[in-house]
Number of protein chains: 2
Amino acid sequence: MTVSMYKISVPIFVQYLTSLSAVLDKAAAFAEAKKVEPSVLLDTRLAPDMFPLVRQVRAATDHAVNAGGRLAGADLPSFSNTEATIPELQDRIAKCIDFLKGLKPDAIDGTEDKEIKIVFPSGATREFTGQSLLLNNSLPNFYFHCSTAYDILRHCGVELGKRDFMGTPVKV
Amino acid sequence: MTVSMYKISVPIFVQYLTSLSAVLDKAAAFAEAKKVEPSVLLDTRLAPDMFPLVRQVRAATDHAVNAGGRLAGADLPSFSNTEATIPELQDRIAKCIDFLKGLKPDAIDGTEDKEIKIVFPSGATREFTGQSLLLNNSLPNFYFHCSTAYDILRHCGVELGKRDFMGTPVKV
């Protein structure tokens, strides 16, 4: 049961994307009960220059999919990046989970030193090893955006507890 | 450069505790510039039934120290748990970082299947393996509390960017 690049990535991403989806279900139910537009929740930010909830969710999915896909050398799924409703975000999350579940442990294990070069839309590049991408970029950012999505909804008054954030570990 | 229980724990905890400490420095400077008591920031919560900043910081340090100490089988450092000022929280963070840096990689690597039983003050117990403790409990909670501490300060208007949250990777 040695820890491995796969074990510290895919099952973690799947677990927390699943809990994020369940948290959004509770947000939808809250909006309905309070008779507010769900977009009010999705547009909420904790500070004027922070991402609103809708972008926190998209960012979390991006970090998960990009990490898994780059480590495994798989083509990344594409998204419209215009998802603006809870059902659309749920679809995006479901697509990410399917993609991640389709990645084979063998394709990710052993990628610690794999050279990964990321080219940003600006043309700037950043070089990583598989390990530095996952440990120093993808996982912290993923957790940050999942936590902040939860924090925004707690701040809006949605009844959530830490258990909703944590979800249930995924069997691998 | 195989990933290991040490590499996914101690250097991560040290990196994000160091950045948390730097974030608190910025909070102290903000309070001084705005002529508000730092306790106003430390008592801020995102929801009435969430921990205020001071408890978010203590919780982050607890998860880091408890994980490192339990995996390594080291005596856990004790804290007053009454830290109520930014300097007191900084001292607590510094003490945690020193403790974590003192843990030897050999004492943590290979603890994937180590049986770890946690007895809570209520008398309830919870059993983990080293791997399940770290991946399914300590790391997600650690990141959650570090993210939420940052989110609270952003919500208060402290000028911070994602770079302040991320800090700098620790060489191991």
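Per-structure values
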item: Copy-to-copy label separations for B:Gly110, where each label sits 7 Å from Cα toward Cβ, in nm and ascending; result: 2.4
item: Close Lys-Lys pairs in chain A, where close means Cα under 13 Å and separation is 8 or more or interchain; result: 5
item: Relative contact order of region B:47-116, pairs being alpha-carbon contacts under 8 Å that are 6 or more residues apart, as %; result: 40 percent
item: Rounded, prolate or oblate (a/c below 1.5 giving rounded, otherwise prolate when a/b exceeds b/c) for region B:124-169 by Cα gyration tensor; result: oblate
item: Per-residue average of Cβ from other chains inside 10 Å of B:153-166; result: 3
item: Simple Cβ-charge dipole of region B:1-57, Lys/Arg +1 and Asp/Glu -1, about Cα centre, in debye nearest 20; result: 140 debye
item: Label geometry 7 Å along the beta-carbon vector: B:Ser39 inter-copy distances in nm; result: 4.4
item: Cα-Cα pairs of region A:41-92 separated by more than 19 Å (percent); result: 34 percent
item: Largest-first principal axis extents of the Cα set of region A:88-136 (Å); result: 32, 31, 16
item: Cβ-vector label at 7 Å, A:Ser132, separations to other copies in nm; result: 3.6
item: Sites matching trypsin sites (Lys or Arg not before Pro) across region A:25-133 that sit in DSSP coil, with at most 14 neighbouring C-beta atoms within 10 Å; result: A:Lys35
item: Dipole magnitude (debye, nearest 20) for chain B, charges at Cβ of Lys, Arg, Asp, Glu; result: 260 debye
item: Nearest 10 degrees, 0 to 90: helix B:10-34 Cα axis against chain B principal axis; result: 10 degrees
item: Evaluated over the protein assembly as shown, the Cα radius of gyration and Dmax, each in Å; result: 19.6, 57
item: Ellipsoid equivalent to region A:52-172 - semi-axes via the Cα gyration tensor, in Å; result: 26, 17, 15
item: Rounded to 10°, Cα long-axis angle of helix A:139-155 versus longest principal axis of chain A; result: 0 degrees
item: Helix-derived mean residue ellipticity, 222 nm - over the protein assembly as shown, DSSP H n ≥ 4, -39500 (n - 2.57), to 500; result: -17500 deg cm²/dmol
item: Where chymotrypsin sites (Phe, Trp or Tyr not before Pro) fall in DSSP loop in region B:9-76, at most 12 other Cβ within 10 Å; result: none
item: Relative contact order (%) - criterion: Cα under 8 Å, at least six apart; region: chain A; result: 38 percent
item: Karplus-derived 3J(HN,Hα), 6.51/-1.76/1.60, for each residue of region A:47-59, Hz, glycine and proline x; result: 8, x, 9, 10, 5, x, 3, 4, 7, 4, 5, 4, 5
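Just so you know, all these numbers are worked out from the coordinates, no wet-lab data involved. All values derive from a computational prediction rather than experimental measurement. Cβ: placed from backbone, ideal geometry, glycine included. Neighbour counts: every protein chain shown.
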